[in-house]
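Take a look at the structure set out below.
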Amino acid sequence: MSDIDPTGAQPAEVNVGMSMRLRADRPAHGGESIGTVNDQVVFLEGALPGDLVTATITQKKKRFLRAVVDTVDEAGSYRGPSRCPAAADGAGCCDFHDVRPEKEAELKETILIDQLHRIGRFDGELPAPEIVDIDTRPGYRTRARFGVNRQGRAGVRKRHSNDIVCTRCSAIDPRIYDVVEEHTFTPGAEVVCAVDSTGEVHVVETVRAPRGKRVSNRGRLVAGSKLVNEKVEDTPFAFPVTGFWQAHKDVPAIFSSLIHEATKDDHFAGGTDQPLVGWDLYGGVGALAPAVVAALADPVADVISVDTTNVRDWQGSDQVAFARGDVAKTIPSLPQPALVILDPPRTGAGTMTIADIAMRRPQRVVHFGCDPATCARDLRTWVDNGFHIDRIFLVNAFPGSYHFETVVSLSAAQ
């Protein structure tokens, strides 16, 4: 082992397999932290900013190194006791399980600002992120996806592995575990679970979806009914168990309130020959569409929700219509919008889609980003296409994990 004081002499050459002591200086997107050796960046898995760690080098590239922490020799100010037994057993469910809850939002704000600077190429000209408080108590997740081990038991997967950890994750509503642990499943399958607003627990066994892809609607119903029932304010929603809904029980209502906050000073004006129009892009089952209707504040305004999801039994506002199909391909056929809400997947909306929306010059855009890197890239595209960033909200929608949501209010530059 090369037991090096991080403030002192560094080894002449660093190679894979070498063990050394390093200080984690700052956070990196993805749950890692960054240290340096020989002026070279080292991505440290398992470290938090301020930690002094002993780590083993696992990868050597021309521009950076990667290492895995073996021991935390001196804890930094962000580190606290583990909040998740499953993560403590190696599961990848709660990457920030050992971050002090009162410091978590601060850490995520640092990550967001870094991504806006490096990926978005913004340098001091943005409004400061506004932190949106959220319930961080255990059991906040009312949605879960489990893997199944060879014995047919369901659980969360280990980090960077297909191995299954059957220890309970503290973030997941315990009512889900109470039902899942009564059953055995097909080894290698995917188990999709939900607790809906009525308290019913739904469990479906399906095939595992590729990373970043939606789970198939086909599957074997194990517990509960086929449709999940949810409600945002006064609007009910019913959709398949495998359909998309925000994991944190409070997030749909919080997102709706942020649309109100972002548009409260806007006075939308339509043309003389057509009503006001709002777009709800990547709208899923339409959870945010009622908030778009309210924001337009016009009894004859039209809201069009676009996604590939097949919405059944819509019981919300008659002012909402659904366009089923790919967002990028659907935009050219949509009427002129005054307000656009978009909540793209983790990969972001992309240059061409944003350029097509920007060309229509909506008065207000509210952009939701679940990945700070792709969100920063998308925001640069908005600005390059003549839009101004008015407000940035950071929603800690995944407490105990490095994931969070960024909600950005933009207006067409005058």
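The values are calculated or read from the model by the stated rules, or taken from the named source; none is laboratory data. Predicted model, so just to flag it, every value in this text is computed and none were measured. Heads up, the Cβs are rebuilt from the backbone with ideal geometry, glycines too, and the neighbour counts pull from every protein chain shown. Side chains included, ligands, DNA and RNA excluded: accessible areas come from the protein's heavy atoms. Shrake-Rupley method; radii C 1.70, N 1.55, O 1.52, S 1.80 Å.
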Which residues, taken from segment 355-370, are open to solvent by less than 10 Å² (accessible area, probe 1.4 Å) and either closer than 21 Å to Glu125 by Cα or modelled with pLDDT under 95 (or both)? Ala358, Val365, Val366, His367, Phe368, Gly369
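Residues in segment 238-265 that are in a loop (DSSP other than H, G, I, E, B) and either within 15 Å of Val293 (Cβ to Cβ) or charged (D, E, K, R) (or both): how many?
So the first thing to find is which residues in segment 238-265 are in a loop (DSSP other than H, G, I, E, B), and the list is 241-247, 249-250, 264-265.
Filter once more, so that each one left must be either within 15 Å of Val293 (Cβ to Cβ) or charged (D, E, K, R) (or both): 249-250, 264-265.
The total comes to 4.
Going through segment 283-299 one residue at a time, which ones are surrounded by fewer than 20 Cβ atoms within 10 Å (Cβ to Cβ) and either touching a residue at least 60 places away in the same chain (Cβ under 8 Å) or of a type in the set (Asp, Glu) (or both)? I'd like the intermediate steps shown before the answer.
At the first step, the residues of segment 283-299 found to be surrounded by fewer than 20 Cβ atoms within 10 Å (Cβ to Cβ) are 294, 297-299.
Selection gives Asp298 alone.
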Within the bounds of segment 38-49, is there any residue that is surrounded by fewer than 20 Cβ atoms within 10 Å (Cβ to Cβ) and in contact (Cβ under 8 Å) with a residue 40 or more places away in the chain? no
Does at least one position in segment 226-236 carry a residue that is out of contact with any Pro (no Cβ under 6 Å at 6 or more places or on another chain), touching a residue at least 60 places away in the same chain (Cβ under 8 Å) and closer than 28 Å to Lys329 by Cα? no
Given the options Thr330, Thr308, name the one that is open to solvent by 30 Å² or more (accessible area, probe 1.4 Å) and over 16 Å from Val366 (Cα atoms). Thr308
Output the residue which, of all residues in segment 397-414 that are open to solvent by less than 10 Å² (accessible area, probe 1.4 Å) and not small (Gly, Ala, Ser), is nearest to Pro101 (Cα to Cα). Pro399
Which residues, taken from segment 238-282, are farther than 17 Å from Thr406 by Cβ, open to solvent by less than 20 Å² (accessible area, probe 1.4 Å) and modelled with pLDDT of 95 or more? Thr263, Val277, Gly278, Trp279, Asp280
Segment 113-139, residues that are under 16 Å from Leu410 (Cβ atoms) and either among the aromatic types (Phe, Trp, Tyr) or surrounded by 14 or more Cβ atoms within 10 Å (Cβ to Cβ) (or both): Leu116, Gly120, Phe122, Leu126, Pro129, Glu130
Is there any pair linking a residue in segment 147-158 that is without any contact (Cβ under 8 Å) to a residue 60 or more places away in the chain and under 13 Å from Val180 (Cβ atoms) to one that is surrounded by fewer than 18 Cβ atoms within 10 Å (Cβ to Cβ) and among the polar types (S, T, N, Q), with Cβ under 8 Å and at least six apart or on different chains, and which? Val148/Thr186; Gly152/Thr184; Gly152/Thr186; Arg153/Thr184
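Being more than 15 Å from Ser401 (Cβ to Cβ), touching a strand residue (DSSP E or B) at 6+ places or on another chain (Cβ under 7 Å) and among the charged types (D, E, K, R) is the requirement here; does Glu130 meet it?
Values: more than 15 Å from Ser401 (Cβ to Cβ): yes; touching a strand residue (DSSP E or B) at 6+ places or on another chain (Cβ under 7 Å): yes; among the charged types (D, E, K, R): yes.
It is true that Glu130 is more than 15 Å from Ser401 (Cβ to Cβ), touching a strand residue (DSSP E or B) at 6+ places or on another chain (Cβ under 7 Å) and among the charged types (D, E, K, R).
Filtering segment 177-206 down to residues that are among the polar types (S, T, N, Q) and closer than 15 Å to Leu227 by Cβ, which residue is surrounded by the most Cβ atoms within 10 Å (Cβ to Cβ)?
Filtering segment 177-206 down to residues among the polar types (S, T, N, Q) leaves 184, 186, 197-198, 206.
Checking the rest, the ones that are also closer than 15 Å to Leu227 by Cβ come to 197-198.
Numbers: Ser197: 14, Thr198: 10.
Among them, the one singled out is Ser197.
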Only one of (1) basic (Lys, Arg); (2) modelled with pLDDT under 95; (3) more than 26 Å from Val195 (Cβ to Cβ) does not apply to Arg137, and that is (3)
Being surrounded by fewer than 21 Cβ atoms within 10 Å (Cβ to Cβ) and more than 30 Å from Cys84 (Cβ to Cβ) narrows it down to one residue among Ala349, Ala323, Ala338, Ala373; which is it? Ala323
Going through (1) under 21 Å from Ser257 (Cα atoms); (2) touching a residue at least 60 places away in the same chain (Cβ under 8 Å); (3) β-branched (Val, Ile, Thr) one by one, Val365 fails only at (2)
Quick one: Lys62 ticks every box in (1) more than 17 Å from His160 (Cα to Cα); (2) surrounded by 16 or more Cβ atoms within 10 Å (Cβ to Cβ); (3) basic (Lys, Arg) bar one, so which box is it? (2)
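Among the residues of segment 66-94, which ones are in a loop (DSSP other than H, G, I, E, B) and either without any contact (Cβ under 8 Å) to a residue 12 or more places away in the chain or closer than 14 Å to Pro49 by Cα (or both)? Give the steps one after another, and end with the answer.
The first filter runs over segment 66-94 and keeps only residues in a loop (DSSP other than H, G, I, E, B), leaving 75-78, 80-84, 89-90, 92-94.
If the condition is that a residue be in a loop (DSSP other than H, G, I, E, B) and either without any contact (Cβ under 8 Å) to a residue 12 or more places away in the chain or closer than 14 Å to Pro49 by Cα (or both), then Ala75, Gly76, Ser77, Tyr78, Gly80 are the ones that fit.
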So, in segment 133-156, how many residues would count as being in contact with a Gly (Cβ under 8 Å, 6 or more places away or on another chain) and closer than 27 Å to Glu102 by Cα? 2
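If you go through segment 143-164 one residue at a time, how many are open to solvent by 10 Å² or more (accessible area, probe 1.4 Å) and closer than 20 Å to Pro399 by Cβ?
Pass one, segment 143-164, residues open to solvent by 10 Å² or more (accessible area, probe 1.4 Å): 143, 145, 148-151, 153-154, 156-164.
Cutting the leftovers down to closer than 20 Å to Pro399 by Cβ gives us 143, 145, 156-157, 159.
Within segment 143-164, residues that are open to solvent by 10 Å² or more (accessible area, probe 1.4 Å) and closer than 20 Å to Pro399 by Cβ number 5.
Among the residues of segment 204-220, write down those that are modelled with pLDDT under 95 and in a strand (DSSP E or B). Even if it seems obvious, please write down each step before you answer.
The initial filter retains those residues of segment 204-220 that are modelled with pLDDT under 95, namely 206-220.
Those that are modelled with pLDDT under 95 and in a strand (DSSP E or B): Thr206, Arg220.
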In the set Thr54, Thr110, which member is open to solvent by less than 30 Å² (accessible area, probe 1.4 Å) and among the β-branched types (Val, Ile, Thr)? Thr54
Does segment 149-169 contain any residue that is under 18 Å from Val241 (Cα atoms), more than 24 Å from the chain's Cα centre (by Cα) and among the hydrophobic types (A, V, I, L, M, F, W, C)? no
